Amino acid sequence: MKIKTLNDIVAWRLCLGCGACAYICKNNFVELRDVPNQGIRPFMVSDQCGTCSDCVQVCPGYSTPGFLNPAASEKYQQVNEKGWGPIMEIWEGYATDPEIRYNGSSGGAATAIALYCLEKLNMHGVLHIGNDKDHPLKNAVFMSSNYADLLSRTGSRYSPASPCGGLYKIESAPSPCVFIGKPCDVTGFQMACKLRPGLQDKNGLSIGTFCAGTPSSLGMIELLKKMNINPDMVEDIRYRGRGWPGLFTVHLKDRVQSFQKTYLEAWGFLQKFRPFRCYLCPDGTAAYADISCGDPWYRTIGENEKGYSLVIVRTEKGREILKGAMANGYLTLEPEPVCIEKLINSQAGLLQKRKDIWGRLLMMKIFGLPVPQYPGFCLFKHWLSSSAKQKIRSLLGTARRIVQRKYYHPFISAQLNERPANHEDKINH
Ligand SMILES: Cc1cc2nc3c(=O)[nH]c(=O)nc-3n(C[C@H](O)[C@H](O)[C@H](O)COP(=O)(O)OP(=O)(O)OC[C@H]3O[C@@H](n4cnc5c(N)ncnc54)[C@H](O)[C@@H]3O)c2cc1C
Ligand code: SF4
Ligand code: SF4
């Protein structure tokens, strides 16, 4: 079965919802919509689409190459084979500003570095996602341009978000910008930069967050139901942050009541709603970012813990900016860099997922399903390093999912005819 069009990518569940196709379509024919049990997906709003295929070329859901930069491939091949992408340095640290550290998802490093770029490197803004005030259950894409904006958009949001849908804001900015997103968002961004030199000119810095998968909107609706909360009464949802890892907190419109769950309870529930595509994702640590940030899960977690971020430097530009953020007091790093074993201890789940992928793709091929293309990812080597028990588990688990959830049928959703994911995601360039 061959993938030829954007509709094929969506129908065969290869889309991961980054939004890059909506940005790249010069004719504004692609609109992003939230499919409650999947995630944000592109929808063709015109039947006038020609044959440029930019949307397919930019799509990390269909194809993610092992390296975008051949120079990096030689130097860091050995580390990449271990499954973490190119690594120059790994640090542990936190935002020096106590508010950012407290509100941040881990240690607020992503926000602190972005703030340094705005205030000291004169970058125009930071393209990232935050809570959509008009639709409190959803996320929107924003260009933040000051401390207050950035602070209000700290914290991981475990629900669909498509930051690449807003890339036109970077392209049309008067000076370079920072991009923050999940690993697949960063890949979409970098692939779009390759197709659009005007975007690359404004690529000031890319920051990626580690990611184990994005739960669909249905996950959050079901969680609210379990907590006896009427979704129409919700004013704001905070998924974590404000302590490490922080509490899942729902504020209601009456401004009196708020409901909370621990991080482990909330993520434990939501993660069951991650779409199949996330189980096929080989890049959990944003290999294409200049800087990646994640959680140091080897530390003790607790409501009163102050957050720390694991920070991976992946490019020379990332290294210079990290050094600058540190020298100018935006970021505090531990005196010595962290060894790769700490990363492995911290993110064992992400590594195991990568080891499972070759078998999962094999099972999809046996069922005659199209699979994402991952040239240069050493996936077979990772598969071999998995235990026999785990190999069987991932093969059978994939077969079970395909049969039980009828993945052998293309997905065509009536829900795609519903309202756009949010007003900000609509293309406007
Ligand atoms: C879906 C998801 C899965 C995750 N899985 C893992 C994991 O497996 N291991 C791990 O260590 N950490 C995971 N994280 C947490 C993530 O690694 C931390 O957010 C990261 O450490 C950044 O922390 P910080 O304190 O530096 O970020 P902050 O300074 O708080 O900034 C967070 C930034 O992330 C952006 N953001 C928030 N949610 C999203 C989203 N859904 N899509 C795109 N951008 C978003 C915000 O706009 C903000 O700019 C996950 C986060 C998400 C959203
Ligand atoms: S570019 Fe992104 S949003 Fe568009 S089809 Fe591909 S993965 Fe999905
Ligand atoms: S697991 Fe991979 S595909 Fe899924 S949201 Fe995270 S980075 Fe994207």
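Numbers below:
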| item | result |
| --- | --- |
| Surrounding net charge for residue 260, when Lys and Arg each add one and Asp and Glu each subtract one, Cβ distance under 12 Å | +2 |
| Euclidean distance of C-alpha centroids, the stretch 166-218 and the stretch 1-68, integer Å | 16 Å |
| Highest-fluctuation residue, 277, 393, 238 considered, GNM on the chain with Cα pairs under 10 Å | 393 |
| For the stretch 96-158: rounded, prolate or oblate by the Cα gyration tensor [a/c cutoff 1.5] | oblate |
| Residues 232, 356 arranged by fewest to most Cβ contacts within 10 Å | 232, 356 |
| Nearest-20 debye value, the chain charge dipole, Cβ charges on Lys, Arg, Asp, Glu | 1580 debye |
| Where N is the number of residues in the chain, Cα Rg divided by 2.2 N^0.38 Å | 0.92 |
| Cα-based reach from residue 261 at 13 Å (exclusive), listing aspartates and glutamates while leaving out same-chain residues under 8 positions away | 303 |
| Local net charge near residue 210, Cβ-Cβ under 11 Å (Lys/Arg +1, Asp/Glu -1) | -1 |
| Residues of type lysines that residue 381 reaches as a straight line, Cα spacing below 16 Å, ignoring anything fewer than 8 places off in the same chain | 82, 353, 355, 391 |
| DSSP beta bridge pairing in the chain, given as percent antiparallel to the nearest 5 | 75 percent |
| Charge tally in the Cβ shell below 14 Å around residue 406, where Lys, Arg are +1 and Asp, Glu are -1, residue 406 excluded | +4 |
| Ranked 336, 31, criterion: other C-beta atoms within 10 Å, fewest first | 336, 31 |
| Nearby lysines by direct alpha-carbon distance to residue 202 (threshold 19 angstrom, same-chain neighbours under 8 apart not counted) | 26, 120, 169, 194, 317 |
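Throughout, read-outs are computed from the coordinates displayed, never taken from laboratory work. Values in this document were obtained by computation on a predicted structure and should not be read as measured data. FYI the Cβ positions are ideal-geometry reconstructions off the backbone, even for glycines, and counts take in every protein chain you see.
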